[in-house]
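These notes are about the structure you will find just below.
Coordinate-derived values only; no laboratory data. Being a predicted model, the structure only gives us computed values, none of them experimental. With ideal geometry, Cβ positions are generated from the backbone for all residues, glycine too; neighbour counts draw on all protein chains shown.
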Amino acid sequence: MQVEPSAQRRFTDLLRNGRYQITERELMEHLRMTYRTIKQREADPSTLTMAELLRVANLLDEHVEEVFSVVVREVLEAN
């Protein structure tokens, strides 16, 4: 049985281990978040807003559906 790629990734993996090497400053500027807020979203992705998810998808050049899928799966697994 083949597992979907999003099933293997977490939100923090999208930000930290994607196809691009993104600095903290670039994350902060593009996502319009402070360092502390980014860390909070990584720890608890259920707090991400739709606007933030859209900015993440844009920054990482990912389909928003893929980013959303990763976050929803992680949130569901945490509960």
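Around residue 19, with a cut-off of 13 angstrom between Cβ atoms, what is the net charge of the other residues, counting Lys and Arg +1 and Asp and Glu -1?
That sum, taken over residues with Cβ under 13 Å, equals -2.
Give the residue list of chymotrypsin sites (Phe, Trp or Tyr not before Pro) in the chain that are DSSP loop and have at most 12 other beta-carbon atoms within 10 angstrom.
20
Normalising by the residue count of the range 5-78, find the relative contact order in percent from Cα pairs under 8 Å and 6+ residues apart.
RCO, the range 5-78: 43 percent.
What do you get for Rg/Rh of the chain when both radii come from the Cα atoms and Rh is the Kirkwood radius?
Using Cα coordinates only, the ratio equals 0.94.
Give me the one-decimal Kirkwood hydrodynamic radius in Å for the range 25-69, with the sum taken over alpha-carbon pairs.
10.6 Å
Summing -39500 (n - 2.57) over the DSSP H runs of n ≥ 4 in the chain and dividing by its residue number, what mean residue ellipticity at 222 nm do you reach, to the nearest 500 deg cm²/dmol?
Value at 222 nm, helices only: -19000 deg cm²/dmol.
In the neighborhood of residue 54, defined by Cβ-to-Cβ distances under 15 Å, what is the net charge if each Lys or Arg adds +1 and each Asp or Glu adds -1?
Here the charged neighbours net out to -2.
How much length, in nm to one decimal, is gained on full extension between residue 30 and residue 16, taken as 0.36 nm per residue of separation minus their Cα-Cα distance?
Taking residue 30 through residue 16 to full extension adds about 3.6 nm, to one decimal.
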